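Every number in this text was worked out from the coordinates using simple rules, so none of it is lab data. No experiment lies behind these values; they were computed from the predicted model shown. As a convention, Cβ positions derive from the backbone with ideal geometry for all residues, glycine included, and neighbour counts pool all protein chains shown.
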Amino acid sequence: MAEHLTRLELDEWLSGLDASGRAERHVAACPACGVLAEQMRQARESSLREPRAKAVLARLEEKRARSAKPRWSWGVPWVAALAVGLALVVYVPRGTEDGVRLKGTVALRLLSAQGAPVADARPGERVTLAVGTGTYRNVLVLAVDEAGAVDQLWPQDGPTSGTVEPGAEVKLSPPMEVTPGSVALHAFFADAPLNVEQARAALTSSVAEAREKRQAPLDVAPPGDIGKAQARTLLRVMP
């Protein structure tokens with residue numbers, strides 16, 4: 001395994017500034033960097049949801065629109081670079097050694113049959129959900145497809161979340177078969193059972209709000225008022 005990525009490299013990848021794809025390949029193959037990247041992504045999204053961050057982004061976008069020139073478009077890299085700056089303000093502690101999760105943090109990932117992290121898959125392949133529960137025992141996982149539909153993923157049925165033993169990487173069974181279409185997975189963690197329909201309604205509302213802002217359903221952040229902690233991951237399904 002190559003040397004682990006730095007926080008700056010991970011921030012650039014999370015902001016879409018790694019055109020080479022090197023960071024994405026490394027994160028997919030390195031469990032330690034995968035865990036850290038997920039923690040940083042959650043902290044980044046939390047930071048960007050703050051009123052001050054939204055106000056700054058709105059002012060910069062307004063200024064960009066006033067000074068925009070016909071032949072150039074700086075909006076995407078400018079906002080992405082700002083997101084990096086805001087994310088760097090948030091400090092996500094790292095364990096004393098790579099691969100060690102700190103107590104209280106949560107994570108969500110997909111694993112192959114060999115136990116390797118999965119970010120890209122093809123229809124027909126089988127993957128297993130795995131969560132880092134922190135101190136929580138109640139877990140609910142919902143899925144948002146490219147059309148914005150929200151489905152219950154784990155537990156497969158029932159009106160409330162499922163119960164698991166706390167752990168750094170708890171596999172949720174049974175394995176799932178990948179179907180066509182990319183999907184965003186949202187995990188919610190709590191001390192007490194979570195109501196599936198309430199969580200589904202909150203996530204559906206977030207998708208609707210994102211549409212009004214011309215954001216893709218797969219980019220929606222988990223609603224912060226469901227459970228005590230949230231995690232998110234994206235499964236890109238290849239043709």
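A few remarks follow.
- Additional length obtainable on full extension of the chain from GLU24 to LEU8, 0.36 nm per residue less Cα span: 4.4 nm
- Of the trypsin sites (Lys or Arg not before Pro) found in segment 159-239, those that fall in a DSSP loop while having at most 11 other beta-carbon atoms within 10 Å are LYS213, ARG214.
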